[in-house]
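Asks: Once you've had a glance at the structure underneath, I'll fire off some questions.
The values are calculated or read from the model by the stated rules, or taken from the named source; none is laboratory data. This structure is a prediction, so every number in the text was calculated from the model and none was measured. We place every Cβ from the backbone using ideal geometry, glycine too, and count neighbours over all the protein chains shown.
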Amino acid sequence: MTATVGVIANPVAGKDIRRLVSAASPVSDMAKIGIIRRAVVGAVEGGAQRLLITDDRRALGLRAIDGLSLDAEVAFLDAPPYDSGVNSQNAAAIFRDRGVGAVIVLGGDGTHRDVAKGWRTAPVVAVSTGTNNVFPRQVEATIAGQAAGIVASQQPPIHKVANQAKIIDVELDHGETEQALVDIALVDESFTGSRAVWKGQSLLEMVAAIAERATVGLSSIASRVAPTTRHQPGGVHVTFGEGERFRVPIAPGLFSEVEIASWRRLRANDFVEMSGPGVLSFDGERDLVLASGRSALVTVSHDGLWVIDIEKVMSLECGEAC
């Protein structure tokens, strides 16, 4: 089978309202083009024989490979008519169906969530292209691409070079389902609006699968009472109200005061029922209005994306793994 690496680059990542209400830095199209270019070069160096790249209205992928001489076949998915998270979701599903060996995902928590919705167990190299992400880490795209190329070409047992991430499943009372990777929160709002959550006082309750102290965002709140690593089973349920007060970095350069009424640790597959009225926020973005009388069941499981460990992959070259 041809060693194929997929590239998903979100053209709107790093451009949300946090750039206006906090000190979060915007990520320009030119910066993304440079990241894609380095990732593609790295993937071919790692052994990729074929590259499948998402296209978009800004033609980031096409501009990234302009002038490159690559010893690999390059193909683009059709550009969607508008920018939407559904595009990353659909691309991931196409990559799954075409037997892609590894996917380089360039974006934030929301982009990776969209990928998981399209291919729940995709083998991904998670590359953060913003300043307020928890799920993807800051990593040099050249090495990220090389790691993806090695995995796609050498096909090592995935459990030896990757860690399977947690995923938060949400089942609504009408049968719809949703997912999150880091946290889900019920916010005291009536509309999704600009989506991003940056006021701690609006929070009603939340479930966090990842609650690491050295992060920024809603999940950092849970880390104050129950630190939980991305590899630790289960999660944390926090309810807000009269209780202990904390100041937390809710966005880059922006601290907010929150008051925690209670919290409890969740084991894998324990469920929490959240009831409206309010708006459900997935990985820090308001996405779904939960009307009065409606509810959602939330669980944390450990069968999400396979996140490729770049250090482990690079050790394949030295015979230290597999």
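Asks: All but one of (1) exposed (fewer than 15 other Cβ atoms within 10 Å of the Cβ); (2) at pLDDT below 95; (3) of a type in the set (A, V, I, L, M, F, W, C) hold for residue 288, so report the exception by its number.
Replies: (1)
Asks: Could you tell me which residue of region 168-191 is modelled with the highest pLDDT, considering only residues that are out of contact with any strand residue (DSSP E or B) (no Cβ under 6 Å at 6 or more places or on another chain) and more than 25 Å from residue 308 (Cα to Cα)?
Replies: The residue in question is 176.
Asks: In region 216-225, is there at least one residue being assigned to a loop (DSSP other than H, G, I, E, B), touching a strand residue (DSSP E or B) at 6+ places or on another chain (Cβ under 8 Å) and on the phi < 0 side of the Ramachandran plot?
Replies: Among the residues of region 216-225, at least one is assigned to a loop (DSSP other than H, G, I, E, B), touching a strand residue (DSSP E or B) at 6+ places or on another chain (Cβ under 8 Å) and on the phi < 0 side of the Ramachandran plot, which makes the answer yes.
Asks: Just to be sure before I move on: is residue 186 in contact with a Phe, Trp or Tyr (Cβ under 6 Å, 6 or more places away or on another chain), farther than 28 Å from residue 5 by Cβ and of a type in the set (A, V, I, L, M, F, W, C) in the structure I sent?
Replies: Taking the combined requirement at face value, the residue does not satisfy it.
Asks: OK, next. Restricting the search to region 135-167, which residues are under 12 Å from the mean Cα position of the chain (by Cα) and at pLDDT 95 or above?
Replies: 135, 136, 165, 166, 167
Asks: Restricting the search to region 123-133, which residues are at pLDDT 95 or above and either farther than 17 Å from residue 95 by Cα or surrounded by 24 or more Cβ atoms within 10 Å (Cβ to Cβ) (or both)? Steps first, please.
Replies: Within region 123-133, the first condition is being at pLDDT 95 or above, and the residues that meet it are 123-127.
Of everything in region 123-133, those that are at pLDDT 95 or above and either farther than 17 Å from residue 95 by Cα or surrounded by 24 or more Cβ atoms within 10 Å (Cβ to Cβ) (or both) turn out to be 124, 125, 126, 127.
Asks: What about residue 62, is it in a strand (DSSP E or B) and either surrounded by 21 or more Cβ atoms within 10 Å (Cβ to Cβ) or at pLDDT below 95 (or both)?
Replies: So residue 62 does not fit the description; no.
Asks: Next question, about the same structure. Of all strands (runs of 3 or more DSSP E) completely enclosed by region 107-173, which ones contain at least 1 residues that are under 21 Å from residue 197 (Cα atoms)?
Replies: Because the criterion is at least 1 residues that are under 21 Å from residue 197 (Cα atoms), the strands (runs of 3 or more DSSP E) in region 107-173 that meet it are 123-128, 167-172.
Asks: Also, I was wondering about something else. Output the residues belonging to region 246-267 that are within 24 Å of residue 232 (Cβ to Cβ), among the aliphatic types (A, V, I, L, M) and in contact (Cβ under 8 Å) with a residue 40 or more places away in the chain. Explain how you work it out, then say what you get.
Replies: Let us first name the residues in region 246-267 that are within 24 Å of residue 232 (Cβ to Cβ), namely 246, 248-250, 258, 260-267.
Narrowing the set further to residues that are among the aliphatic types (A, V, I, L, M) leaves 248, 250, 258, 260-261, 266.
248, 250, 258, 266, listed by residue number.
Asks: Give the residues of region 73-97 that are crowded, with 19+ Cβ neighbours inside 10 Å and over 15 Å from residue 116 (Cα atoms), sorted by residue number.
Replies: Within region 73-97, just 77 meets the criteria.
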